[in-house]
Amino acid sequence: MKKLALVVILLLFNLEIVFGQDQYIFAYGGVQVKQFVNEIIKLTGKERPKICFLPTASGDNAKDIIRWYDLVHDLSVEPTVQRTFEIGSKNQKVSFQEVLLNVDAIVVGGGNTVNMMAVWKAQGIDIVLKKALEKGIVLAGNSAGSLCWFEKGITDSRPVKLGVVEGLGFLTYSNCPHYDADKARQELYHEYIKTGIFKAGYAFGSSSGIIFKNGKPFKVVSTSIEHNSYFVSLQNGEIVTEKLESIVLK
């Protein structure tokens, strides 16, 4: 029996090496809310997961960090924050890799996506996040923290007008958070898909989002029937916007 148990353990271990762990990315619009953090907790499969908040897009804004701790203070999590500004060898003695690869989930906050991507690439955090995904660490985020996982998306990170931002490409679609914020954002997103600048993709209204499993939509959620996610594509030369049926979280 002991030999049989050992064989089973080795078989399962080898299967995990061959097939890898399931990879989850939870992208959503709006702001951080408790219902979505609870979904992240479930995805980790842990009773009290370690969840790291990455506020790069807001320049490590103190108010955002305080909001994060306030949001999760009564949830079953071990919350941490990884700053990227005013961080150096004098005040952080461990690497970004050591921090981010030793948690169960990483939540990226909103802010300036263009600046965030530049900082990540300069610091090698983009590579670390890819390793985190491959390791089975849950990746999540709102606004900039949604855009970053896709190939391209609509951003308001530059002066004067909306434009394009390139993400990490972990999800092979385009993305438009704040889809319900204004007509101009919707129209530009549609134009970019119609002209081939963007692939078909997913748009999120406030407090709505999609959990992707191994790169494919797995679960659509929202906090209200008024908040929705959409799949936007080009069919026969025309833009088609499909409202996705979502589970309303309590």
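The values are calculated or read from the model by the stated rules, or taken from the named source; none is laboratory data. Please read these numbers as outputs of a predicted model, since none were measured by experiment. Neighbour counts are summed over all protein chains in view; Cβ atoms, including those assigned to glycine, are modelled from backbone coordinates with ideal geometry.
Filter segment 166-204 down to residues that are modelled with pLDDT under 95 and small (Gly, Ala, Ser) and give me whichever is farthest from the chain's Cα centre (by Cα).
Result: 184.
Is it true that some residue in segment 94-114 is surrounded by 13 or more Cβ atoms within 10 Å (Cβ to Cβ), among the small types (Gly, Ala, Ser) and either closer than 17 Å to residue 44 by Cα or without any contact (Cβ under 8 Å) to a residue 40 or more places away in the chain (or both)?
The answer is yes; a qualifying residue exists.
May I ask you to list the residues in segment 217-242 that are under 13 Å from residue 201 (Cα atoms), touching a Ser or Thr at 6+ places or on another chain (Cβ under 8 Å) and touching a residue at least 12 places away in the same chain (Cβ under 8 Å)?
229, 230, 231, 232, 239, 242
Could you give me the residue pairs with C-beta distances under 7 Å whose first residue belongs to segment 131-157 and is surrounded by fewer than 24 Cβ atoms within 10 Å (Cβ to Cβ), whose second residue is of a type in the set (Lys, Arg) wherever it lies, and which are 6+ apart or on separate chains?
Between residues of segment 131-157 that are surrounded by fewer than 24 Cβ atoms within 10 Å (Cβ to Cβ) and residues that are of a type in the set (Lys, Arg), the close pairs are 151/199.
Does residue 179 satisfy the condition of being surrounded by fewer than 24 Cβ atoms within 10 Å (Cβ to Cβ), in contact (Cβ under 8 Å) with a residue 60 or more places away in the chain and aromatic (Phe, Trp, Tyr)?
For residue 179, the condition - surrounded by fewer than 24 Cβ atoms within 10 Å (Cβ to Cβ), in contact (Cβ under 8 Å) with a residue 60 or more places away in the chain and aromatic (Phe, Trp, Tyr) - is met.
Quick grid of which residues meet (1) farther than 29 Å from residue 114 by Cβ; (2) modelled with pLDDT under 95:
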residue	(1), (2)
12	yes, yes
20	yes, yes
29	no, yes
32	no, yes
60	no, no
64	no, no
68	no, no
71	no, no
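Go through segment 209-229 and give me each residue that's over 12 Å from residue 36 (Cα atoms) and either of a type in the set (A, V, I, L, M, F, W, C) or buried (at least 22 other Cβ atoms within 10 Å of the Cβ) (or both).
The answer is 212, 218, 225, 229.
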